[in-house]
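Please read the structure below before turning to the comments.
The values are calculated or read from the model by the stated rules, or taken from the named source; none is laboratory data. Since the model is a prediction, treat every value here as computed from it, not as a measurement. For neighbour counting, all protein chains shown are included, and Cβ atoms are generated from backbone atoms with ideal geometry for every residue, glycine included.
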Amino acid sequence: MTSYQPTVLHQAPSTSQELLTVPQVMARLQLGRSAVYDLLRTQQLASITLGRARRIPARALTDFIRARLDQEAA
């Protein structure tokens, strides 16, 4: 008798591939909507646009925080 191994068709995205909404970024940074959109507008925080929706890769948020910490340390 042959053992059946299910095939994984869909895996949850890893943290580095996760896309965040503006409200999620607002909550994580504890900033207001306009402050987050200012960061996006000035390209301090990277994002992509899907239709009319703006999404921020979790990796971009991590990189932004790391860069700000490095600026503060310098």
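A few notes on this one:
- Filtered by the rule that a residue be of a type in the set (Lys, Arg) and either surrounded by 10 or more Cβ atoms within 10 Å (Cβ to Cβ) or not in a loop (DSSP other than H, G, I, E, B) (or both), region 43-74 gives Arg54, Arg55, Arg59, Arg66, Arg68.
- Looking at Leu40, Leu31, just one residue is in a loop (DSSP other than H, G, I, E, B), modelled with pLDDT of 95 or more and over 9 Å from the mean Cα position of the chain (by Cα), and that residue is Leu31.
- Options Leu50, Leu19: the member that is under 15 Å from the mean Cα position of the chain (by Cα) and at pLDDT 95 or above: Leu19
- Unmet requirement for Thr7, which otherwise passes all of (1) at pLDDT 60 or above; (2) surrounded by fewer than 10 Cβ atoms within 10 Å (Cβ to Cβ): (1)
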